[in-house]
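So the structure is just underneath, and the comments pick up after that.
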Protein chains: 2
Amino acid sequence: MYKPATIKDIALALKLSPSTVSRALRDGYEISTATKKVVMEYAKKVNYQSNPIALSLKNRRSYSIGIVVPKLANSFFSQAIAGIESIAYERGYHTIITQTHDSSERELINVNHLAQRSVDGLLISMSAGTSDYGFLKQLHNDGLPIVFFDRIIDEIETFKVTSDNFSGAYNATESLIKSGRKKIALLSNAPQLSITNERLSGYMKALADYHIPFRAELIRNCSKGGNDYQEVEDAVKDLLAATDKPDAIFISSDRISISCIRALKSLNFDPKEIAIAGFSNSDVVDLLHPSLSYVKQKSFEMGQIAVEMLLRLIESKYPITEFETKILDTELHLIK
Amino acid sequence: MYKPATIKDIALALKLSPSTVSRALRDGYEISTATKKVVMEYAKKVNYQSNPIALSLKNRRSYSIGIVVPKLANSFFSQAIAGIESIAYERGYHTIITQTHDSSERELINVNHLAQRSVDGLLISMSAGTSDYGFLKQLHNDGLPIVFFDRIIDEIETFKVTSDNFSGAYNATESLIKSGRKKIALLSNAPQLSITNERLSGYMKALADYHIPFRAELIRNCSKGGNDYQEVEDAVKDLLAATDKPDAIFISSDRISISCIRALKSLNFDPKEIAIAGFSNSDVVDLLHPSLSYVKQKSFEMGQIAVEMLLRLIESKYPITEFETKILDTELHLIK
DNA sequence: ATTGTAATCGGCAACGATTGCGTAGATTTT
DNA sequence: AAAATCTACGCAATCGTTGCCGATTACAAT
């Protein structure tokens, strides 16, 4: 059985009391230099390390923060996590990463697990399927610091950070228009997500600004958000089977962008015939074929900002009542 | 301050002792049905959930397992994690995921953090930079169950699962040979990794079997394992600048495969002039251009097998002394 | 010699949950 | 009616750590 040395062990071996050992290790002022030296040396010898579980129980602080994202395999999220970690580690916090695979049930389980494990705070990007935020509201009201990133919600008042999805979508759509396309379809993400609607608005505004009539039949919702390839292929096939078929597609999600490319490839479509632009943070998006123009979010920075917000909440001595929602701009990369 | 209901709270409210409440909640036989009913109902009302921290401290069991991988952004690992979770959740365990970014220091910190957090066991795929396994040996000797996957090491005797890297490399190299290539370069991964040498051996064996002389000048080590793009580009550039330049490249790592493709693209190389094949578990590898034949590992299955091994170790009543190293075969996907 | 005052350390309790043991009171047995 | 048995619950210890208070000692000030 795995059993590391404890303060008691040291106390017993050195014929001291646990409290003395504890204070000696933390360099307390009331302990003599000699005792400190003996304790420190013995502690090093037996490789003593304080038990974070016991500390968590006693202090109700764990110096760890919980991360809940839909999918690690999604580049955007793994980049955001890297950003979170870059700051968290620096500030002495550990991270506990969990993924929900866009399942509400899994999300509930993970969030509760993290809360019970007494993480000091929570960074969360909501799952597509979640519509009941009661469990989060509960935790938030009970005082658990929470920061939302990317897929944020209105129902809870706290710090949030997300991308300028409207402009991102606007710019991408505009670029398609400027390259001469007029019949621009939209592959949209799960409709309950905040980002989905913002991107839809950007798409519509761009059409309007360029006097292109909005055509509902060019919109396809992929409510499974690219987790289901078949859904996307069916949508693409359907779009391209129309008599007045689109000459471009704007895709409002990373995973759906990939699926759309795969669909176009498997349907053997001439890339010149149909232009595509979409959101993507894939680190190989520039190598894909058929190629697409893409809107890239500042994922790493978003992670950094989110965790900084969270640490402000956690380490603030007084309750914070003024919250901020930060919007990061996006980068449009056009195909050469 | 976030403060969930405790057993004491319930005891106080119901004028019972904590022990009675505890036993009532666990449906102990010595508690009257009436009391149980009262306790259960009140517990539900205040949304009581047992504190895992306290339980961990008392039982030295946490029903959580630690996962340590080099990089979440690497598809292979995020797929393996999905496999791990699929089994772990089913069996009532939580997972705590950490990544090292191939840094030994980070690996040490993460492993210790997990051990101290009293995870019941550890699933680890080693970082490229690690050469001192002392800290793992220590934990293992102290009785912490550990299972290695993918990037395994010989120095510790326990369950392990990895891919048949030799055959994977052999088959890929063979496919290049059969397509008429004779001057096959090798972009190799960090040399201290187990998988690197196995793949090198497979490459060499294929050359030998087809009577192609081994040429050391066609081997390039990317010791940073594709974490550094420039290293790969330099290697590719160097290879292709030679007078007797290769007509094919076999790449022994996922990340390096991607970097190599990018290098070839940025150097404007004709895909027909130089064929490439490499290990990759990217979920978009079939959409890349220039395209490559690829060796895909059974990542999801590997995760499942690893966690099953770990649970055997954790839940075994008697110490296990007979260990197994499972080798999964790989899938070769040729470009059409 | 007495009091004051640091310096140095130990004891107790608590964080939340579990559990062996003890026991008051009710019920049954003799 | 006395003794034995049961029922249903409480007490206290435990896990590792630390905060608070108290105790001991030495040494200086009075």
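The values are calculated or read from the model by the stated rules, or taken from the named source; none is laboratory data. Computed from a predicted structure; not experimentally measured. All Cβ positions, glycine included, derive from the backbone under ideal geometry; neighbour counts span all protein chains shown. Just so you know, the surface numbers come from the protein's heavy atoms only, side chains and all, with ligands and any DNA or RNA stripped out. Shrake-Rupley method; radii C 1.70, N 1.55, O 1.52, S 1.80 Å.
Largest first, please: the extent of the C-alpha atoms of segment B:7-50 along each principal axis, to the nearest Å.
23, 17, 16
How large are Rg and Dmax for segment B:104-204 when calculated on the C-alpha trace, in angstrom?
16.9, 55
Could you tell me which of the pairs B:237/B:296; A:137/B:37; A:8/A:44 are separated by over 20 angstrom between their Cα atoms in the structure shown?
B:237/B:296; A:137/B:37
Among DSSP beta bridges whose residues both lie in the protein assembly as shown, state the antiparallel percentage, nearest 5.
DSSP beta bridges in the protein assembly as shown are roughly 10 percent antiparallel.
As an exercise, use a Förster radius of 41 Å and the Cβ-Cβ distance of residue B:131 and residue B:58 to find the FRET efficiency, rounded to the nearest 0.05.
About 0.60, to the nearest 0.05.
So which chymotrypsin sites (Phe, Trp or Tyr not before Pro) in segment A:1-56 are both in a DSSP loop and have at most 12 other Cβ atoms within 10 Å of their Cβ?
Hits after loop and neighbour filter: A:29.
Which of the GluC sites (Glu not before Pro) found in segment B:122-219 are in a DSSP loop and have at most 16 neighbouring Cβ atoms, other than their own, within 10 Å?
Of the GluC sites (Glu not before Pro), the ones in loops of segment B:122-219 whose Cβ has at most 16 other Cβ atoms within 10 Å are B:155, B:157.
If one takes the accessible area of chain B alone plus chain A alone and subtracts that of the pair, with a 1.4 Å probe, what total in Å², rounded to the nearest 100, results?
Interface area, both chains combined: 5100 Å², rounded to the nearest 100.
Keeping all protein chains in place, calculate the accessible area per residue for the protein assembly as shown (probe 1.4 angstrom), answer in Å².
44 Å²
Looking at segment A:165-296 from every direction and averaging, what is the projected area of its Cα convex hull in nm²?
Averaged projected area of segment A:165-296's Cα convex hull equals 7.0 nm².
Take the Cβ-Cβ distance between residue A:265 and residue B:215 as r, set R0 to 35 Å, and report the resulting FRET efficiency rounded to the nearest 0.05.
0.45
Got a sec? Charge dipole of chain B, +1 on Cβ for Lys and Arg, -1 for Asp and Glu; which of B:293, B:327, B:43 is way out at the positive end?
Towards the positive end, the residue furthest out is B:43.
Put a point 7 Å out from Cα along the line to Cβ at residue A:323; what are the distances to that point in the other copies, in nm, shortest first?
4.9
Taking N as the number of residues in the protein assembly as shown, what is its alpha-carbon radius of gyration divided by 2.2 N^0.38 Å?
Expressed relative to 2.2 N^0.38 Å, the Cα Rg reads 1.06.
First compute the accessible area of segment A:165-296 with a 1.4 Å probe, then give the percent of it belonging to carbon and sulfur atoms.
The value for segment A:165-296 is 52 percent carbon and sulfur by accessible area.
Which percentage, to the nearest 5, of the DSSP beta bridges contained in chain B is antiparallel?
Once the DSSP bridges in chain B are tallied, antiparallel ones form about 10 percent.
What aspartates and glutamates sit close enough to residue A:71 to cross-link, taking a C-alpha to C-alpha distance under 14 Å and skipping anything fewer than 8 places away on the same chain?
A:102, A:107, A:150, A:228, A:254, B:85, B:283
With only Lys, Arg, Asp and Glu charged, each at its Cβ (+1 for the first two, -1 for the last two), find how big the charge dipole of segment B:7-50 is about the Cα centre; round to the nearest 20 debye.
Dipole of segment B:7-50, to the nearest 20 debye: 60 debye.
Ignore the peptide's own chain and count Cβ atoms of other chains within 10 Å of each Cβ in B:89-96; give me the average, rounded.
Mean partner shielding for this stretch: 3.
Can you list the residues, at least 5 places off or on another chain, whose amide H is less than 5 Å from the amide H of residue A:278, using H built in the peptide plane?
A:251, A:293, A:294, A:295
Ratio of chain A's C-alpha Rg to 2.2 N^0.38 Å, to two decimals?
1.28
So, with +1 on the Cβ of K and R and -1 on the Cβ of D and E, and no other charges, what is the size of the charge dipole of the protein assembly as shown about its Cα centre, to the nearest 20 debye?
1640 debye
Please report, for residue B:50, the nm distances (one decimal) from its label point, 7 Å out from Cα along the beta-carbon direction, to the equivalent points in the remaining copies, shortest first.
Residue B:50 label point versus its equivalents elsewhere: 2.8 nm.
Nearest 20 debye, what's the magnitude of the dipole of segment A:165-296 about its Cα centre given +1 on Lys and Arg Cβ and -1 on Asp and Glu Cβ?
Taking the Cα centre of segment A:165-296 as origin, the dipole is about 180 debye.
Averaged across the residues of A:277-286, what count of C-beta atoms belonging to other chains lies within 10 Å of each residue's C-beta?
Averaged over the peptide's residues, the number is 2.
Give me the percent relative contact order of segment B:165-296, please, defined on Cα pairs under 8 angstrom at least 6 residues apart.
Taking the mean separation of contacting Cα pairs over the length of segment B:165-296, I get 28 percent.
Give a residue-ordered list of calculated ³J(HN,Hα) values for segment A:275-281 (Karplus: 6.51 cos²θ - 1.76 cosθ + 1.60, θ = phi - 60°; whole Hz; x for Gly, Pro).
Taking θ as phi minus 60°, the curve returns 8, 10, 9, x, 5, 6, 10 Hz for segment A:275-281.
List the distances, in nm to one decimal, from the label point of residue B:28 to the label points of the same position in every other copy, shortest first, placing each label point 7 Å from Cα along the Cα-to-Cβ direction.
So the distances to the same position in the other copies read 3.4 nm.
Compute the separation of the alpha-carbon centres of segment A:67-138 and segment B:1-63 and state it in Å as a whole number.
Between the Cα centre of segment A:67-138 and that of segment B:1-63, the gap is 28 Å.
If the chain between residue A:47 and residue A:238 were fully stretched, how many nm would it gain, using 0.36 nm times the residue separation less the Cα-Cα distance?
Additional length available on full extension: 62.3 nm.
Please list 3J(HN,Hα) in residue order for segment B:203-215, calculated via the Karplus relation 6.51 cos²θ - 1.76 cosθ + 1.60 where θ = phi - 60°; whole Hz, with x for glycine and proline.
Once rounded to whole Hz, the list reads 4, 5, 5, 4, 4, 4, 4, 9, 6, 9, x, 6, 10.
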